[in-house]
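> Submitted below is the structure of interest, expressed as structure tokens.
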Amino acid sequence: MNKKSSISELANKALQDRFIIQKLSDKVYELMLQDLRLQRDRSQNYQV
């Protein structure tokens, strides 16, 4: 089994399971918030 088909199978499984989708969504949201905080901190450092 190649890597592409393994990823495809995992994606199909995730689409069938609401819990997996929720965990993935929560993780993406958490990473986005973290990135926004880092960007804000960097921009404040440049304004000094």
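No value in this document is a laboratory result; all are computed from the given coordinates. What you see is a predicted model, and the numbers here were worked out from it, not measured in a lab. Cβ: placed from backbone, ideal geometry, glycine included. Neighbour counts: every protein chain shown.
> Quick check: the angle from helix 3-16's long axis to the longest principal axis of the chain, C-alpha only, nearest 10 degrees?
Helix 3-16 sits roughly 90 degrees off the main axis of the chain.
> Let me ask something else. Report the label-to-label distance for ARG37 and LYS4 in nanometres (one decimal), using points 7 Å from each Cα along the Cα→Cβ vector.
That separation, rounded to one decimal, is 3.9 nm.
> A further question on this structure: What is the magnitude of the charge dipole of the chain about its Cα centre, with +1 placed on the Cβ of each Lys and Arg, -1 on the Cβ of each Asp and Glu, and no other charges, expressed in debye to the nearest 20?
That gives the chain a dipole magnitude of about 100 debye.
> Then there's this: With unit charges on the beta carbons (Lys and Arg positive, Asp and Glu negative) and the dipole taken about the Cα centre of the chain, which residue among ASN45, PHE19, LEU33 sits farthest to the positive side?
It is PHE19.
> Output the 0 to 90 degree angle, nearest 10, between the alpha-carbon long axis of helix 18-46 and the longest principal axis computed from the alpha carbons of the chain.
20 degrees
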